[in-house]
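Enquirer: One structure follows; several queries about it will come next.
Derivation of every value follows stated rules applied to the coordinates shown; laboratory data play no part. Keep in mind that this is a model prediction, so the values were computed, not measured. Positions of Cβ are generated from backbone atoms using ideal geometry, with glycine treated the same way; all protein chains shown enter the neighbour counts.
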Amino acid sequence: MKLISWNIQWARGIDGRVDPARIVRDARAMGDFDVLCLQEVGANYPAPGLAGSAGENQFEQFAQLLPGFTPVPIAGVDVIAADGGRRCFGNMVLSRYPVQRVLRHQLPWPVDPNVISMPRTLLEVTLDTPLGPVRVMNTHLEYYSALQRRAQVEAIRRCHEETCGRAAGEMAVDRRGSPYHVFPHATKTILTGDFNFRPEDPMHARLQEPFAGRDGNASQHVPRLVDAWQHLHGNQAHPINVGQYDRDQWPEAFTCDFIFASEDLLPHLRAFEVDGHTQSSDHQPQLLELR
């Protein structure tokens with residue numbers, strides 16, 4: 001199983017050109033991926049709203065560029081346009097594996113009057129994979145507000161804890177064809193995205209803290225989320241994944257995109273790569289391989 005995660009900056013490269021097809025080509029060159037997690041996908045946002053964009057619906061474009069994949073979009077921003085249509089900005093998961101269940105979570109957006117911000121989301125899809133049901137969670141946390149990021153990290157932890165709790169206490173009721181039909185709730189989880197914090201930030205550590213059971217000890221039903229790069233490479237520094245080529249937006253290059261895996265998936269992790277060459281976005285794509 002190969003998963004690629006990439007903040008694509010609405011498919012805008014360092015050359016200023018918006019080209020979703022180039023994003024797919026570069027992702028395919030990185031590996032024959034089974035799951036593609038994208039952040040910053042736009043629709044009906046012509047320049048200057050999104051620089052370089054003609055207002056194309058990129059959610060539809062990526063679905064067309066990847067036939068054989070199930071496209072699952074989510075829009076944190078969904079607002080009216082001047083022509084009465086909808087303008088959307090958000091994230092997307094495209095999966096070669098069957099998508100059993102989709103949950104779309106609105107992340108907290110507490111008032112922070114000192115900064116600009118936008119609504120943020122968590123897209124949760126359960127996939128039928130060779131490893132069994134695997135939950136992929138794709139997100140993009142707020143950049144400008146640490147207050148909002150902290151609240152969003154806590155919400156992600158709650159989502160993970162609740163779904164694992166459902167998996168532990170699942171009712172075996174066969175109501176096929178009805179909304180009550182029980183699809184598997186997976187504890188095996190991949191959490192990925194642009195978290196807008198760095199490896200040394202306390203929020204990076206907070207995401208990985210154990211979950212307490214009713215007795216106050218570590219929960220037996222909720223596997224901890226673990227930084228996949230650190231699991232595979234120990235204390236070796238994370239590869240740079242933003243600002244490597246874009247010095248106009250980013251005075252320095254750093255790391256804020258991560259892939260976390262639940263403890264019950266750690267034995268399956270085999271490789272973690274970052275493409276340090278592509279200039280099709282201001283971020284670099286990451287590939288996680290599991291077997």
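Enquirer: Can you give the helix-only mean residue ellipticity at 222 nm for the chain, where every DSSP H stretch with n ≥ 4 adds -39500 (n - 2.57) and the sum goes over all residues, rounded to the nearest 500 deg cm²/dmol?
Expert: -5500 deg cm²/dmol
Enquirer: With helices defined as uninterrupted DSSP H runs, which ones in the chain have an alpha carbon span along their own long axis of at least 27 Å and mean Kyte-Doolittle hydropathy of at least 0.5?
Expert: Counting only whole DSSP H runs, no helix qualifies.
Enquirer: Evaluate the charge dipole of the range 187-255 about its Cα centre and quote only its size in Debye, nearest 20, assuming +1 on the Cβ of each Lys and Arg and -1 on the Cβ of each Asp and Glu.
Expert: That gives the range 187-255 a dipole magnitude of about 340 debye.
Enquirer: Could you rank the peptides 16-26, 233-243 by their average count of other C-beta atoms within 10 Å per residue, with the highest value first?
Expert: The densest-packed peptide leads the list: 16-26, 233-243.
Enquirer: With a cut-off of 8 Å between alpha carbons and a minimum separation of six or more residues, what is the relative contact order of the range 32-169 in percent?
Expert: Reported as a whole number, the value is 20 percent.
Enquirer: I'd like to know which of Leu265, Pro184, Thr255 lies farthest towards the positive end of the charge dipole of the range 181-291, counting +1 on Cβ of Lys and Arg and -1 on Cβ of Asp and Glu.
Expert: Of Leu265, Pro184, Thr255, it is Pro184.
Enquirer: Another question, if that's okay. Over the chain, what is the relative contact order in whole percent, taking alpha-carbon pairs under 8 Å and six or more residues apart?
Expert: RCO, the chain: 19 percent.
Enquirer: For the range 214-291, build the charge dipole from Cβ charges (+1 Lys, Arg; -1 Asp, Glu) around the Cα centre, then report which of Leu225, His283, Tyr245 sits farthest towards its positive end.
Expert: The one lying farthest along the dipole's positive direction is Leu225.
Enquirer: Please state the charge dipole magnitude for the chain, taken about the Cα centre, from unit charges on C-beta atoms (+1 on K and R, -1 on D and E), reported in debye and rounded to the nearest 20.
Expert: The calculation lands at about 640 debye.
Enquirer: At a 10 angstrom cut-off on C-beta neighbours, averaged per residue, how do the peptides 203-209, 143-149 rank from highest to lowest?
Expert: Answer by packing, highest mean first, reads 143-149, 203-209.
Enquirer: Now for a different question. Using mean Cβ contacts within 10 Å as the protection proxy, how do 76-86, 117-127 order, highest first?
Expert: For the peptides 76-86, 117-127, the packing ranking is 117-127, 76-86.
Enquirer: For the range 43-52, in order, what is each residue's ³J(HN,Hα) by Karplus, 6.51 cos²θ - 1.76 cosθ + 1.60 with θ = phi - 60°, in whole Hz (x at glycine and Pro)?
Expert: These are the phi-based 3J(HN,Hα) values: 8, 6, 10, x, 4, x, x, 10, 4, x Hz.
Enquirer: Tell me which residues come under 5 Å, amide H to amide H, from Arg101 once H is placed; ignore anything under 5 positions away on its chain.
Expert: Thr126
Enquirer: Give me the net charge for the shell around Glu273: Cβ to Cβ below 12 angstrom, other residues only, Lys and Arg +1, Asp and Glu -1.
Expert: Neighbour charge sum, excluding Glu273 itself: 0.
Enquirer: Could you pull out the GluC sites (Glu not before Pro) across the range 203-291 that fall in loop regions by DSSP (anything but H, G, I, E, B) with no more than 16 other Cβ atoms inside 10 Å?
Expert: Sites meeting the loop and neighbour criteria: Glu252.
Enquirer: Let me ask something else about it. On average over all directions, what projected area in square nanometres does the range 162-276 have, based on the convex hull of its Cα atoms?
Expert: So the Cα hull casts an average projection of 10.5 nm².
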